[in-house]
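What follows is one structure encoded as structure tokens, with my remarks underneath.
The values are calculated or read from the model by the stated rules, or taken from the named source; none is laboratory data. Keep in mind it's a predicted model, so treat the numbers as computed, not measured. Cβ placement follows ideal geometry from the backbone for every residue including glycine, while neighbour counts extend to all protein chains displayed.
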């Protein structure tokens, strides 16, 4: 028995949890090709498992910027005995046309246990506390990128004093090289803009 689409939408609204579908006409091919590996970012009312643009309706942009705290991170491909590094950045700070403060570091967690990631939990050391996406008004869409790297065994990951002093203009590539992180095992991004725009 199939249910009418309007009933399913009503159920989603009543339950307060949304699974937003990305469609080809909402993302450029470059933006949609960023995501790979099966990473899932779960906010209290929004489950993101593929590249997408957060819609303006349902106040999701406002909630992701001002209400919700750090999301759960789920990676089914995590190996239980391995450690991982999670990076969340905005490469479009202060705007995509003039990213003079990129990469803006929103979150950095190291020593993440693979066994916890498989269950949607974060068990690790936070080097940069989570800062929600807050794109400035009239700067268009910003990409918020999550990258998960495999951490080498017995190789502590840290930030330099200079990196600790500012979240902006973070040299992500230098950080990746310094700790031999290689290519990310999984990536995910969403696009959003200031909720008042």
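Please specify each residue of the range 179-194 satisfying the condition of being surrounded by 12 or more Cβ atoms within 10 Å (Cβ to Cβ), part of a loop (DSSP other than H, G, I, E, B) and under 19 Å from the mean Cα position of the chain (by Cα). Across the range 179-194, the qualifying residues are 181, 184, 185, 193, 194.
When both residues are 6+ apart or on different chains and their Cβ atoms are under 7 Å apart, which pairs have a first residue that lies in the range 161-186 and is within 18 Å of residue 130 (Cβ to Cβ), and a second that is in a helix (DSSP H, G or I) and modelled with pLDDT of 95 or more? Between residues of the range 161-186 that are within 18 Å of residue 130 (Cβ to Cβ) and residues that are in a helix (DSSP H, G or I) and modelled with pLDDT of 95 or more, the close pairs are 170/163.
Rundown of residues vs (1) modelled with pLDDT of 95 or more; (2) farther than 19 Å from residue 132 by Cβ; (3) within 11 Å of the chain's Cα centre (by Cα), yes/no style:
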site: 28; (1), (2), (3): no, yes, no
site: 38; (1), (2), (3): yes, yes, no
site: 42; (1), (2), (3): yes, no, yes
site: 45; (1), (2), (3): no, no, no
site: 48; (1), (2), (3): yes, no, yes
site: 65; (1), (2), (3): yes, no, no
site: 68; (1), (2), (3): yes, no, no
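With a requirement of 2 or more residues that are without any contact (Cβ under 8 Å) to a residue 12 or more places away in the chain and crowded, with 23+ Cβ neighbours inside 10 Å, none of the strands (runs of 3 or more DSSP E) lying completely within the range 37-153 satisfies it. Restricting attention to the range 154-178, the residues that are part of a loop (DSSP other than H, G, I, E, B) and within 17 Å of residue 88 (Cβ to Cβ) add up to 8. In summary, residue 129 fulfils each of the numbered conditions (1) at pLDDT 95 or above; (2) in contact with a strand residue (DSSP E or B) (Cβ under 6 Å, 6 or more places away or on another chain) with the single exception of condition (2).
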